[in-house]
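*Asks:* Right, I'll just put the structure down here and ask away after.
The values are calculated or read from the model by the stated rules, or taken from the named source; none is laboratory data. Since this is a predicted model, take the numbers as computed values, not measurements. Note: ideal-geometry Cβ built from the backbone for every residue, glycine included; neighbour counts use all protein chains shown.
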Amino acid sequence: MDSKIRFEIEVDDDYSINYEKKQLTFIELERISKRNLKFWESIEVDNISSDFTSNWNSLNSRVEEIRTHLSELEELNHNGITSFIYQKYSNTYSDNGLVIYRVPISSPIDTDKSFRKIKRFIEYYLKYSDSNLRGALRNFISLSKNPQLYGEKFSSSCDYNYYPALYLMKQEFGKIKDDIADFDSEVLVPLHQKLDDISQSADESSNEITQFFEDENSKIQSQVELQEQYLNNFTENMEKWEEEKENKLRELEETYKNKLQLEEPEKLWNLRAENYRKKAKFWTYFLVGASIMLALIFSMLVWFLYEFPLDISKKIPFLSQSFFVVAIISFFIYIIRILVKLSMSNNHLAIEYEQKAAMTRFFQALTYDGESINENERLIIINSLFNKVDTGLVKTDGVEMENMLAILAKNLK
């Protein structure tokens, strides 16, 4: 069977760092399947790794089915074996007379040259979070291949985005410390060997040895200082970045709080402004219609008074034609004044509510832009927005609205 059939495990790119595909015999496939299944079962806590376990369990079940089928055969039939395996893995290709079955898996595999890194990250992640291990591993592997994406993941509040970036950043810091810690093996040991070679040579003087040691020591010191400076600069930049993000978050929280407080009042004021605007139009049209109607009525009354009986004027002297004309004109003017006041009052109320809605939106825009408004100014603004609206029939001084406009104008400077 092994002389005709091979298997090739294809790992999803999202779960491999340095994996190289190899052609495997059935026994090798079986061993890898059992070994990885055992690993994922060993770290399973509250079913957080159940996805990976189920993938390997499915692969292991198919391998066992093939093993059972082979054990039940009375004689090895190459065509029968390939047909049975094809039912499990239909993706195949030929290579030098071998039939290669592709075995897909969406999970890290222990034959990955960087599997130790993956394993250490899993141990680290499970200490701090128990959610979405699959997503965390994808992000860890992606960031391992693309370190320039660290900052993007740091801004996320999700554990599976944040912890992979934090772990890899710590690993970068660890490399700096390891470089310093490994000076003994990587720099001092070769230096010591070279010093021994120099001491064994009779032609070289002690001054050369001393000078060489000083030069190498200077290089070591320079490297240490350079690494420390890099680490200090990075730490400083991280602190500045964190402070900026915290300030921005506070501003967004304040803006959102103001939005929740003023969103519904703004809708109410817009609705009332629209209603009073409609009423103002109605009373304006009604005023025009009433004026036309009163004019017609007045013309009819003038004609009627022209035909007023003279004997009635003689009997009742104060009921003259001029008396009726003045009385009717006064009554009509009174009606028209009432209609004018109703129209102007509704128009005034519509304008007042439109101003309140506009000031509310303007106040929210200021807080979103980060303009500083102290508590006393905030109370004046809120009081101005929620004070009683006059009808416009009685003149008011409008001091509160002027104070609010002055405060908002000051914050625009």
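*Asks:* Return the only residue of I292, I333, I316 being modelled with pLDDT under 75, exposed (fewer than 12 other Cβ atoms within 10 Å of the Cβ) and more than 38 Å from the chain's Cα centre (by Cα). Can you show your working first?
*Replies:* On the way: I292 fails: modelled with pLDDT under 75; I333 fails: modelled with pLDDT under 75.
One residue alone meets the criteria, I316.
*Asks:* Kindly provide the set of residues from the range 249-262 that are modelled with pLDDT of 70 or more and over 20 Å from the mean Cα position of the chain (by Cα), ordered by number.
*Replies:* Once the filter is applied, which keeps residues that are modelled with pLDDT of 70 or more and over 20 Å from the mean Cα position of the chain (by Cα), the range 249-262 yields nothing.
*Asks:* Against the condition within 23 Å of D130 (Cβ to Cβ), modelled with pLDDT under 85 and surrounded by fewer than 19 Cβ atoms within 10 Å (Cβ to Cβ), how does D51 come out, does it pass?
*Replies:* So D51 fits the description; yes.
*Asks:* Inspect the range 265-277 for any residue being in contact with a His (Cβ under 9 Å, 6 or more places away or on another chain), at pLDDT 80 or above and under 29 Å from K356 (Cβ atoms) and give the result as yes or no.
*Replies:* The answer is yes; a qualifying residue exists.
*Asks:* Within the range 363-374, can you find the residues that are more than 16 Å from K267 (Cβ to Cβ) and at pLDDT 65 or above? If you could, list the steps in order and put the result at the bottom.
*Replies:* Here is the first cut: in the range 363-374, the ones more than 16 Å from K267 (Cβ to Cβ) are 365-374.
Scanning the range 363-374 gives A365, L366, T367.
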